[in-house]
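Right, one structure below, let's go through it.
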Amino acid sequence: MAVTEKEYVIFCDESLCNGAYFSNFYGGVIVGASQFEAVSNRLNAVKTAQNLHGEVKWTKVTKTYLPKYIELMDAFFDELKAGNAKVRIMFRQNARRPADQMILSAKDGFYKLYYQFVKHAFGFAYMPSHAKPVRLRLYFDQFPDTGEQVAAFRGFLLGLNRSKAFQDADLTVAAQDVAEVVSHDHVLLQCVDVVLGSMAFRLNDLHKQKPAGAKRRGSRTIAKEKLYNHIRNRIRELRPMFNVGISTGGTGPERWEQPYRHWAFRPEGFVFDKTLTKK
């Protein structure tokens, strides 16, 4: 099967650098440029129909907004099911401590892991053959830093043009195609935020939280758990054996073709620390 798209757009987001059990959550959605406008318009139409006129975010989920968010997530996963977009999620289990702590403690550790996500999570090395070079545009939700770190990160991303995976796939990334964007303006990025937030929520047992001094969970926590469950069920339509805490199975072309994949990142030479697991 040949690649028919000459250009792909990826929106990337990050969440929860330091969770109780799982940290460093990264997520992205990739869509062909020919589908981008149509997919965005359909999702924005659902937002409008649900009176979701502001930015959709996981942190905004409440009992009142739950049905509206479910409608939007259904529309988003319908696009994945139809093959119009693909989602990738990466996270790190705290118990797998890297032998080289610099990957986490270094000032630029955030960007090192982000780079690994962009380079490997989408399965570029397994793209089917195509006749012409494919342009890749990378759009990131605004970074927490400015200046040297962001500039260095952009440089590493542009360096992917020299990587074997990108050269074999005939992928190119231009300097003007690596940019920060405002999530308020991009419904695809907002949808990624919700899916990514739901995974960080569940993996860190935040669905069990109770307000200080309370015997029961708050309505917002219950609403978020219901939304996570709905998202999980939609993922299982695509991946029947989906397990939130482990990497998605499959090798070779599946890494590119599958509409939804999870990657539990394991640093090289990691040490497993049982004291950091769930009790």
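Every read-out reported here was derived from the displayed coordinates using simple, explicitly stated rules and does not represent laboratory data. Bear in mind the structure is a predicted one, so any value in this text is a computation, not a measurement. Positions of Cβ are generated from backbone atoms using ideal geometry, with glycine treated the same way; all protein chains shown enter the neighbour counts.
At-a-glance table
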read-out: Whichever lysines have a C-alpha closer than 19 Å to that of LYS68, once near sequence neighbours (fewer than 8 apart) are set aside; value: LYS47, LYS57, LYS60, LYS224, LYS226
read-out: THR59-HIS130 FRET efficiency (beta carbon distance; Förster radius 51 Å; 0.05 resolution); value: 0.80
read-out: Segment GLU237-GLU180, length gained on full extension (0.36 nm per residue, minus Cα span); value: 17.3 nm
read-out: Those residues of region 240-275 whose amide nitrogen sits under 11 Å from the label point placed on ALA95, 7 Å along Cα→Cβ; value: 272-275
read-out: GLU148 paired with ASN161, simple spin-label distance in nm, labels 7 Å along Cα-to-beta-carbon; value: 2.5 nm
read-out: Value at 222 nm in deg cm²/dmol, rounded to 500, when DSSP H runs of n ≥ 4 in the chain each add -39,500 (n - 2.57); value: -12000 deg cm²/dmol
read-out: Peptides ranked, highest mean first, by Cβ atoms within 10 Å: ranges 86-97, 137-148; value: 86-97, 137-148
read-out: Cα-only Debye scattering, region 106-236: base-10 log of I(q)/I(0) at q = 0.10, 0.14, 0.16, 0.17 Å⁻¹; value: -0.48, -0.83, -0.99, -1.05
read-out: Share, in percent, of DSSP beta bridges within the chain that are antiparallel, nearest 5; value: 50 percent
read-out: Residue pairs, from the table LYS6/LYS119; LYS215/LYS278; LYS81/LYS278; LYS208/LYS274, whose Cα atoms sit over 30 Å apart; value: LYS81/LYS278
read-out: Value of relative contact order over region 1-72, rounded to a whole percent, pairs C-alpha under 8 Å and six or more apart; value: 25 percent
read-out: Difference of contour (0.36 nm per residue) and Cα-Cα distance, GLN209 to GLU254; value: 12.5 nm
read-out: Computed over region 7-272: relative contact order in percent, which uses C-alpha pairs under 8 Å that are six or more apart; value: 32 percent
read-out: Anisotropy class of region 7-272 from Cα gyration tensor, a/c 1.5 cut; value: oblate
read-out: Total charge dipole magnitude, the chain, about the Cα centre, Cβ charges on Lys, Arg, Asp, Glu only, Debye to nearest 20; value: 1420 debye
